[in-house]
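Notes for the one structure printed next.
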Ligand code: FES
């Protein structure tokens with residue numbers, strides 16, 4: 001087994017959720033989600049840990065983790081900006097927001113600032129199209145964004 005292990009709290013959460021399912025196989029998604037909650041990303045070590053727990057091969061866990069875009073396969077910054085790139089947000093100004101992030105933080109999609117503070121990801125529709133354009137910042141939604149509003153949000157994080 002690799003170096004990753006659950007905290008006692010997450011181990012308990014894992015066991016509690018596992019009781020709801022007839023088969024341990026169903027714990028792939030919640031297990032990886034708990035990993036990401038704990039570490040911020042899903043490392044190869046953590047995949048081995050989950051594989052071991054579920055009686056799977058590491059490659060099966062890897063295939064699962066890489067299928068879902070919600071799993072971060074690289075370490076991410078303290079602030080994770082998830083910029084919606086789907087139609088409503090695109091039309092309403094997501095490209096300008098992306099350009100602003102590039103101009104001010106120097107990062108594009110999939111990149112993290114050198115100080116490890118911000119990571120930008122482009123994501124599909126977040127179900128907040130009525131508030132387009134939007135970002136999720138560490139899972140918290142910010143809707144009806146303008147470049148000025150985004151500037152304030154980023155400045156508050158600095
Ligand atoms: S298109 Fe962006 S939230 Fe739906």
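Worth a mention:
- Qualifying helices (runs of 4 or more DSSP H) (wholly inside region 36-130; at least 3 residues being over 27 Å from residue 147 (Cα atoms)): 44-54, 58-67
Residues are listed down the side, and each one gets a yes or a no for (1) without any contact (Cβ under 8 Å) to a residue 40 or more places away in the chain; (2) in contact with a strand residue (DSSP E or B) (Cβ under 6 Å, 6 or more places away or on another chain):
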residue: 27; (1), (2): yes, no
residue: 36; (1), (2): yes, no
residue: 45; (1), (2): no, no
residue: 60; (1), (2): yes, no
residue: 73; (1), (2): yes, no
residue: 83; (1), (2): no, yes
residue: 91; (1), (2): no, no
residue: 101; (1), (2): no, yes
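- Across region 80-87, a minimum of one residue is classified as surrounded by 18 or more Cβ atoms within 10 Å (Cβ to Cβ) and away from the ligand (no atom under 16 Å from the Cβ).
- Residue in region 101-125 that is surrounded by the fewest Cβ atoms within 10 Å (Cβ to Cβ), counting only those that are near the ligand (Cβ under 9 Å from one of its atoms) and under 22 Å from residue 75 (Cα atoms): 124
Every number here is computed from the coordinates shown, using simple stated rules; none is lab data. Predicted, not measured: the structure shown is a model, and the values here were computed from it. When we count neighbours, we look across all protein chains shown, and the Cβ atoms used for this are built from the backbone with ideal geometry, even at glycine.
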